[in-house]
Amino acid sequence: MRVAFFVNSIESEEPGFTTTALAMAALARGHDVCYIAPGDFVLRPDDSLMVQATTVAAGKYKNAQAFHDGFQGKDAKVQTIDVREVDVIFLRNDPSLDSDDRPWAAHIGAMFGRLASERGSIVVNDPSGLALAQNKLYFQDFPKAVRPETLISKSIEEIRAFIADHRKGVIIKPLQGSGSKNVFKIATPDDANLNQIFEAVSGEGYLIAQGYLPEAKAGDIRFFLMNGKPLERDGAYAAFRRVPAKGEVRSNMHAAGTAEAVKITDDILAVAGDGSPEADRGWHVPGRARHRRRQDPRDQRFHAGRTSRHRRHAQSGFFRGHYRVAGEESGDPQSLWRCDVEPGAGHALGCFHGPSVLSRAPQRLEAPVIPWTLIDTATMPDGGGELRLKQRGTEFSIMLGTIELMNSRLSGSEEALARLSYERVRSHARPHMLIGGLGMGFTLRAALAELPSDARITVGELVPAVVAWARGPMAEVFVGCLDDDRVTIREGDVGRLIQSAATEYDAILLDVDNGPEGLTRRANDDLYSVAGLRAARKALKPNGVLSVWSSAPDAGFTRRLKEAGFAVEELSVRASTKGRGARHVIWMATRTGR
């Protein structure tokens with residue numbers, strides 16, 4: 001296979017980096033290895049994606065320095081190749097290193113990684129999943145049990161009030177940032193340096209304030225997971241404790257923190273498995289720093305998700321999919337699993353200070369390398385772009401260009417749309433439900449499971465090809481629900497169905513576009529305007545409910561619902577049926593009065 005490592009720059013790589021160990025291990029196993037940097041992509045007019053790859057000469061290198069000199073020296077070769085010739089791309093860059101001097105380069109890996117994935121390359125980790133965690137706001141997706149109480153604001157008054165409520169102190173740092181930069185501990189709202197600290201941190205954007213955990217003085221635990229499961233070898237877990245230097249509030253390794261061996265207890269294992277969105281987002285080997293059942297508030301790498309050295313952990317996974325692990329007794333002594341960590345170099349995957357938890361030669365991950373396959377395309381009406389149906393194994397994805405609209409792995413919030421709607425019209429006799437958007441049928445199947453046998457469900461689907469996909473390549477996903485006697489499919493704009501109805505529906509469920517903020521076509525904006533919402537209210541029976549799915553909150557839409565005459569509830573639901581993953585929003589708007 002040809003394996004590429006995407007890095008910040010060829011010149012900035014060092015022999016001690018984990019990427020070097022990964023590349024040497026791949027080369028030793030007979031794979032072709034190359035490096036690429038943010039400026040090396042070329043998207044040509046014929047839609048071919050090319051990369052200017054710095055190739056590494058095959059052969060044995062006596063040590064990491066020799067390998068490093070080989071691809072950085074004058075004899076290194078740069079070759080322009082089609083990305084389809086690259087089997088695996090490891091995203092190994094740290095965007096925070098480019099955010100100041102080269103902001104254009106910060107997210108190139110996620111951008112072009114998504115294009116490479118569409119063309120058949122295996123990209124580790126999933127660039128679409130990584131794009132969801134570009135700052136510390138990502139951490140709010142985790143259950144409250146594993147994170148400290150948090151405030152995110154640019155208001156110093158809000159921050160003073162938050163500090164006043166936390167007698168044990170507060171940690172303040174930028175929402176966007178990494179590397180322990182501008183991390184401060186504040187004891188009281190009257191701290192003489194608060195204004196100065198606020199000015200320094202707020203200059204970088206929003207601030208995140210978190211209740212300080214005194215237990216963190218003992219250090220935090222860096223835990224490695226694979227596919228959402230604790231990484232283990234011969235009964236020992238891949239984990240270590242980071243201990244801050246005396247008088248230091250930060251435990252980051254480059255802030256004088258040190259690494260120590262740690263005993264993993266059942267309590268720590270329980271925390272490691274609490275509510276992780278990583279596996280759902282295609283992150284297969286992320287590192288976690290946890291202390292008891294709360295996150296250490298000093299650890300920016302974990303809070304940031306992928307904006308700092310944590311990304312070097314998170315993007316060190318092998319190939320996407322489900323793995324069978326086979327032992328291997330021999331291997332290159334330079335393999336990544338045999339590294340030892342030194343103070344200040346704690347960014348290496350599988351490298352631990354003290355007794356190595358992976359002391360033998362590396363394990364071989366025998367996995368089916370399954371690329372995405374393009375099944376079909378369909379043109380959106382009104383020039384809204386091209387829909388793509390893609391498949392990888394049993395997983396399906398519907399995309400608008402390079403943007404994933406839905407995935408067969410994540411159905412929690414769509415199912416909740418049907419369940420929550422029926423709860424509010426359960427007392428209605430022979431309920432009639434209108435579902436806007438067929439999608440992958442999650443909402444329809446959930447509605448069929450809830451509604452009585454005399455109910456009716458009308459599904460409005462704008463794109464005929466989506467209905468064809470439901471009966472064709474995704475038939476196993478739909479499990480025959482389109483053939484249920486209660487279901488009628490109406491191909492066309494759901495807005496026209498609503499406009500032509502009067503007191504017809506007990507519930508109208510809109511899972512159209514990305515929510516009130518239109519993404520696929522401008523005409524969808526009419527559904528979510530005050531006029532469109534009034535039409536929906538007219539189409540509902542008394543005490544009927546308009547339910548609207550959205551990928552994100554929208555205060556303006558809440559106001560428009562109230563202006564249109566609805567009583568409004570705004571609910572937060574998880575993307576996954578397991579209560580994990582991103583949080584989506586569902587509005588429950590009830591028609592009250594006449």
Looking only at segment 130-162, which residues are hydroxyl-bearing (Ser, Thr, Tyr) and either at pLDDT below 75 or touching an Asp or Glu at 6+ places or on another chain (Cβ under 7 Å) (or both)?
TYR138
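Which fully enclosed strands (runs of 3 or more DSSP E) of segment 412-515 have 1 or more residues being free of Cβ contacts under 8 Å to residues at least 60 places away in the same chain and open to solvent by less than 40 Å² (accessible area, probe 1.4 Å)?
In segment 412-515, the matching strands (runs of 3 or more DSSP E) lie at 456-461, 487-491.
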Take the residues of segment 539-572 that are of a type outside the set (Gly, Ala, Ser) and at pLDDT below 85: which is farthest from the chain's Cα centre (by Cα)?
ASP554
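Can you tell me which residue within segment 67-110, out of those that are part of a strand (DSSP E or B) and farther than 14 Å from VAL3 by Cβ, is most open to solvent (accessible area, probe 1.4 Å)? Quick ask: steps written out before the conclusion?
If we filter segment 67-110 for residues that are part of a strand (DSSP E or B), which is where we start, we get 77-82, 88-91.
Okay, now just the ones that are also farther than 14 Å from VAL3 by Cβ, so 77-80, 82.
Details: LYS77: 143, VAL78: 104, GLN79: 84, THR80: 74, ASP82: 19 Å².
Only one residue fits best here, namely LYS77.
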Just to be sure before I move on: is ARG29 open to solvent by 60 Å² or more (accessible area, probe 1.4 Å), under 26 Å from the mean Cα position of the chain (by Cα) and at pLDDT below 90 in the structure I sent?
no
Return the pairs, sorted by first residue and then second, in which the second residue is loosely packed, with under 12 Cβ neighbours inside 10 Å and not hydroxyl-bearing (Ser, Thr, Tyr), the first residue lies in segment 64-85 and is under 20 Å from ALA25 (Cα atoms), the beta carbons are less than 9 Å apart, and the residues are 6+ apart or on different chains.
GLY70/GLY59; GLN72/GLU11
Would segment 45-66 turn up any residue that is open to solvent by 80 Å² or more (accessible area, probe 1.4 Å), part of a helix (DSSP H, G or I) and either under 12 Å from PHE5 (Cα atoms) or of a type outside the set (S, T, N, Q) (or both)?
no
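The values are calculated or read from the model by the stated rules, or taken from the named source; none is laboratory data. Keep in mind that this is a model prediction, so the values were computed, not measured. Cβ atoms come from the backbone with ideal geometry, glycine included; neighbour counts cover every protein chain shown. Only protein heavy atoms, including side chains, enter the accessible area calculation; ligands, DNA and RNA are left aside. Shrake-Rupley method; radii C 1.70, N 1.55, O 1.52, S 1.80 Å.
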